[in-house]
There are 2 protein chains.
Amino acid sequence: MAAGRKDARRNYERLLTAAQAAFAEHGVGASLNDIARNAGVGNVTLYRHFPTRQALLEALLGESLRGLRTRADELLTSPAPDEALSTWLDGAVEHAMTYRGLVDALVDSLDDPASDLHATCQAVKDAGAQLLAKAQQAGAVRPDLDASVLFSLIASVAWASERTPAHRDQLLAVMLDGLRKGASPATIERAS
Amino acid sequence: MAAGRKDARRNYERLLTAAQAAFAEHGVGASLNDIARNAGVGNVTLYRHFPTRQALLEALLGESLRGLRTRADELLTSPAPDEALSTWLDGAVEHAMTYRGLVDALVDSLDDPASDLHATCQAVKDAGAQLLAKAQQAGAVRPDLDASVLFSLIASVAWASERTPAHRDQLLAVMLDGLRKGASPATIERAS
DNA sequence: ACCTGAACACCGTTCAAGT
DNA sequence: ACCTGAACACCGTTCAAGT
């Protein structure tokens, strides 16, 4: 959004403001027509600036989500890798709960290289990978997990917490304890 | 569906068959108009038999979901409460993954007493409650959890597993280990 | 009683023009 | 260049009639 006509820039900003309000109120499934109308703009103008819903989410949340990577870099210097990972996971879950339904979009984007949110989600996943690896090297976290599963864990806790906010702390606690190398071995017995 | 006109009964069956196929293919968000059309029936006929989408899901899955309660009763006699709970949770997660998006409907129904799926979800939750209590009494599971959180845990694992089936076993393993009283019980007060 | 086709108010997306 | 109103094909839901 560097150059361009003055009204174009103004419309871009108006659309972001309206989208932020709509997503906050109705979740990420909010009507795009409503967003355009509330921005005082034709619906095609919205589509030109943001070809997909993910593009809108990326514009609104990309910077803040990529901030999780910076945060991970800081936490990598921590002397307690277990605690560093826990702290980071707590923040990641919080970010994934920014809007209702956001976590669905994030998970879908990670699978879809064509999504406008893909690179951002990948950055979050990579940030988690580093903290996970360090905690695993320190023997604080079970070794049979990779960053992909860690992303799923964040998403699952965020998804459930979004629906039942009162459960958030306990869901997180169960996940964190489950990540730690327990006294009981990792393998589970499935009915055969 | 005991009495009624012959064509009404036939339409009811046809709708269930079409709904099952549609949900299996497109998830629980499948078009109701499509279901009616594939059943060779007017759309209003669908609405009369099944006033809501949840009513359709209840008709398709109610019996099988309530089977989780019977299964829990059986498992209550097991001498290993920890294993009994794990086995039951594995099955509950499986049931919640029957259709794409089903877990969303289940969680919503539990919160909403007016939902046609509410009683069924409540039965599942109650079934889990018994196994959870027994495992907690045996000291095999952390005491700071109730059946409501357990339901959220099932739902969260089912939700993530549905999107990434390859993660299912590991997500379940992390949850099960997190449920167990770990060697690092930060949140658990010890009575010594 | 039980059914149906057609209408209604939405949705996302794309069109043909306007300045 | 950048914009807009109107159209298109959908959706769930409800209508006015039909047998």
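The values are calculated or read from the model by the stated rules, or taken from the named source; none is laboratory data. Remember, predicted model here, so these are calculated numbers, not experimental data. Cβ placement follows ideal geometry from the backbone for every residue including glycine, while neighbour counts extend to all protein chains displayed. SASA here: full protein model, heavy atoms, side chains in, ligands and nucleic acids out. Shrake-Rupley method; radii C 1.70, N 1.55, O 1.52, S 1.80 Å.
In the range A:53-74, is there at least one residue being in a loop (DSSP other than H, G, I, E, B) and either within 14 Å of chain B (Cβ to nearest Cβ) or away from DNA strand D (no atom under 16 Å from the Cβ) (or both)? Walk me through it before giving the result.
Initial filter on the range A:53-74 (in a loop (DSSP other than H, G, I, E, B)): none.
Checking the range A:53-74: not a single residue is in a loop (DSSP other than H, G, I, E, B) and either within 14 Å of chain B (Cβ to nearest Cβ) or away from DNA strand D (no atom under 16 Å from the Cβ) (or both).
Given (1) within 13 Å of DNA strand C (Cβ to nearest atom); (2) under 15 Å from the mean Cα position of the chain (by Cα); (3) among the small types (Gly, Ala, Ser); (4) open to solvent by 40 Å² or more (accessible area, probe 1.4 Å), identify the lone condition not met by A:SER64.
Unmet condition: (1).
Sort out which residues of the range A:135-152 are in a helix (DSSP H, G or I) and under 19 Å from B:LEU172 (Cβ atoms), and write them in order of number.
Filtering the range A:135-152 for residues in a helix (DSSP H, G or I) gives A:135-137, A:147-152.
Residues satisfying the conditions are A:ALA147, A:SER148, A:VAL149, A:LEU150, A:PHE151, A:SER152.
Name every residue in the range A:125-153 that is among the β-branched types (Val, Ile, Thr) and touching a strand residue (DSSP E or B) at 6+ places or on another chain (Cβ under 9 Å), in order of residue number. Steps first, please.
Looking only at the range A:125-153, we keep the residues that are among the β-branched types (Val, Ile, Thr), and these are A:141, A:149.
Matches in the range A:125-153: A:VAL141 only.
Might you let me know whether the range A:36-57 holds any residue that is farther than 18 Å from A:ASP104 by Cβ, open to solvent by less than 10 Å² (accessible area, probe 1.4 Å) and more than 10 Å from DNA strand C (Cβ to nearest atom)?
yes
What about A:ASP144, is it acidic (Asp, Glu), farther than 16 Å from B:ILE154 by Cα, at the interface with chain B (Cβ under 10 Å from one of its Cβ atoms) and free of Cβ contacts under 8 Å to residues at least 24 places away in the same chain? Walk me through it before giving the result.
Details: acidic (Asp, Glu): yes; farther than 16 Å from B:ILE154 by Cα: yes; at the interface with chain B (Cβ under 10 Å from one of its Cβ atoms): yes; free of Cβ contacts under 8 Å to residues at least 24 places away in the same chain: no.
So A:ASP144 fails the test.
If you go through the range A:10-32 one residue at a time, how many are near DNA strand D (Cβ under 8 Å from one of its atoms) and free of Cβ contacts under 8 Å to residues at least 12 places away in the same chain? Break it down into steps so the answer makes sense when it comes.
To start, the set of residues in the range A:10-32 that are near DNA strand D (Cβ under 8 Å from one of its atoms) comprises A:10-12.
In the following step, the residues that additionally are free of Cβ contacts under 8 Å to residues at least 12 places away in the same chain were identified as A:10.
So the count comes out to 1.
Could you say which residue among A:LEU76, A:LEU85 is modelled with pLDDT of 95 or more and surrounded by 21 or more Cβ atoms within 10 Å (Cβ to Cβ)? Quick ask: steps written out before the conclusion?
Values: A:LEU76 fails: surrounded by 21 or more Cβ atoms within 10 Å (Cβ to Cβ).
Going through A:LEU76, A:LEU85 in turn, the sole match is A:LEU85.
Given the condition over 10 Å from the mean Cα position of the chain (by Cα) and of a type in the set (A, V, I, L, M, F, W, C), answer yes or no: does some residue in the range A:86-105 qualify?
Yes; the residues of the range A:86-105 include at least one that is over 10 Å from the mean Cα position of the chain (by Cα) and of a type in the set (A, V, I, L, M, F, W, C).
One residue is enough: does the range B:39-46 have a residue meeting the conditions in a loop (DSSP other than H, G, I, E, B) and within 11 Å of DNA strand D (Cβ to nearest atom)? Break it down stepwise before answering.
To start, the set of residues in the range B:39-46 that are in a loop (DSSP other than H, G, I, E, B) comprises B:39-42.
Going one step further and asking which of them are within 11 Å of DNA strand D (Cβ to nearest atom), we end up with B:42.
Checked the range B:39-46: at least one residue is in a loop (DSSP other than H, G, I, E, B) and within 11 Å of DNA strand D (Cβ to nearest atom).
Quick check, is A:GLU13 away from DNA strand C (no atom under 16 Å from the Cβ), open to solvent by 90 Å² or more (accessible area, probe 1.4 Å) and not assigned by TED's automatic domain parsing to the domain that holds A:GLN136?
Values: away from DNA strand C (no atom under 16 Å from the Cβ): yes; open to solvent by 90 Å² or more (accessible area, probe 1.4 Å): yes; not assigned by TED's automatic domain parsing to the domain that holds A:GLN136: yes.
Answer is yes for this residue.
Residue-wise test of (1) open to solvent by 10 Å² or more (accessible area, probe 1.4 Å); (2) within 9 Å of chain A (Cβ to nearest Cβ); (3) in a helix (DSSP H, G or I).
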{"residue": "B:ALA114", "(1), (2), (3)": "yes, no, no"}
{"residue": "B:ALA129", "(1), (2), (3)": "yes, no, yes"}
{"residue": "B:ALA133", "(1), (2), (3)": "yes, no, yes"}
{"residue": "B:ILE154", "(1), (2), (3)": "yes, no, yes"}
{"residue": "B:GLY178", "(1), (2), (3)": "no, yes, yes"}
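Being surrounded by fewer than 16 Cβ atoms within 10 Å (Cβ to Cβ), of a type in the set (A, V, I, L, M) and more than 9 Å from DNA strand C (Cβ to nearest atom) narrows it down to one residue among A:ALA19, A:ALA24; which is it?
Values: A:ALA19 fails: surrounded by fewer than 16 Cβ atoms within 10 Å (Cβ to Cβ).
It is A:ALA24.
With the structure loaded, tell me whether B:GLY29 is within 11 Å of DNA strand C (Cβ to nearest atom), assigned to a loop (DSSP other than H, G, I, E, B) and either within 22 Å of the chain's Cα centre (by Cα) or not assigned by TED's automatic domain parsing to the domain that holds B:ARG100 (or both) or whether it fails that test.
Values: within 11 Å of DNA strand C (Cβ to nearest atom): no; assigned to a loop (DSSP other than H, G, I, E, B): yes; either within 22 Å of the chain's Cα centre (by Cα) or not assigned by TED's automatic domain parsing to the domain that holds B:ARG100 (or both): yes.
No: the conditions fail for B:GLY29.
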